[in-house]
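Asker: The structure under discussion is supplied below as structure tokens; questions concerning it will follow.
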Amino acid sequence: MNVAHYTYRVTWSPEDQEYVGLCAELPLLSWLSATQEAALQGIRQLVSEVVIDLQNQREPVPAPLSEKRYSGEFKVRTLPHVHQALALQAAELKVSLNRLVNQKLME
């Protein structure tokens with residue numbers, strides 16, 4: 001498992017008045033620091049340690065999002081009146097409902 005392939009993000013936390021490092025694959029982990037660089041270094045080190053612990057305990061280790069395969073399909077449930085409004089809008093635009101929803105998702 002190469003933890004360098006995980007998805008890391010550093011953002012400012014107004015609540016903590018520090019930068020917080022996050023990892024999308026392990027969302028319960030975070031690392032606070034005064035600088036962006038230190039927050040990134042901290043979360044990467046923490047993730048490495050947690051992955052080693054998971055492996056030692058024979059627990060499942062999340063795969064990096066960048067290495068997962070996506071089919072391009074997923075189901076979305078919505079309210080009937082929303083479905084109706086989207087279908088009407090698609091018909092008025094002379095496009096398929098699928099195309100309309102894809103356009104909205106890309107916005």
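What follows draws every value from the coordinates through simple rules; no lab data is involved. Keep in mind that what you see is a predicted model, and the values were worked out from it rather than measured. Glycine also receives a Cβ, built like all others from the backbone with ideal geometry; neighbour counts cover every protein chain displayed.
Per-residue answers, yes or no, for (1) at negative phi; (2) touching a residue at least 40 places away in the same chain (Cβ under 8 Å); (3) not charged (D, E, K, R):
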| position | (1), (2), (3) |
| --- | --- |
| Thr7 | yes, yes, yes |
| Ser13 | yes, no, yes |
| Glu18 | yes, no, no |
| Ser30 | yes, no, yes |
| Gln57 | yes, no, yes |
| Val61 | yes, yes, yes |
| Ser71 | yes, no, yes |
| Val76 | yes, no, yes |
| Gln89 | yes, no, yes |
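Asker: Restricting attention to the range 29-47, which residues are within 19 Å of the chain's Cα centre (by Cα) and either of a type in the set (D, E, K, R) or closer than 19 Å to Ser66 by Cα (or both)?
Answerer: Leu29, Leu40, Ile43, Arg44, Val47
Asker: Confirm whether Val51 is surrounded by 14 or more Cβ atoms within 10 Å (Cβ to Cβ), in contact (Cβ under 8 Å) with a residue 40 or more places away in the chain and touching a Leu at 6+ places or on another chain (Cβ under 6 Å). Talk me through it step by step, then tell me what you get.
Answerer: Details: surrounded by 14 or more Cβ atoms within 10 Å (Cβ to Cβ): yes; in contact (Cβ under 8 Å) with a residue 40 or more places away in the chain: yes; touching a Leu at 6+ places or on another chain (Cβ under 6 Å): no.
Taking the combined requirement at face value, the residue does not satisfy it.
Asker: Within the range 12-23, is even one residue part of a helix (DSSP H, G or I) and under 19 Å from Pro60 (Cα atoms)?
Answerer: First, the residues of the range 12-23 that are part of a helix (DSSP H, G or I): none.
No, the range 12-23 has no match at all.
Asker: Which residues, counting only those in the range 72-99, are assigned to a loop (DSSP other than H, G, I, E, B) and over 30 Å from His5 (Cα atoms)?
Answerer: The answer is Arg77, Thr78, Leu79, Lys94, Val95, Ser96.
Asker: Take the residues in the range 14-48 that are over 22 Å from Asn2 (Cα atoms) and of a type in the set (Ser, Thr, Tyr), then tell me which one is surrounded by the most Cβ atoms within 10 Å (Cβ to Cβ).
Answerer: Tyr19
Asker: Restricting attention to the range 55-71, does a residue exist that is surrounded by 10 or more Cβ atoms within 10 Å (Cβ to Cβ), out of contact with any His (no Cβ under 9 Å at 6 or more places or on another chain), outside any loop (DSSP other than H, G, I, E, B) and not small (Gly, Ala, Ser)?
Answerer: yes
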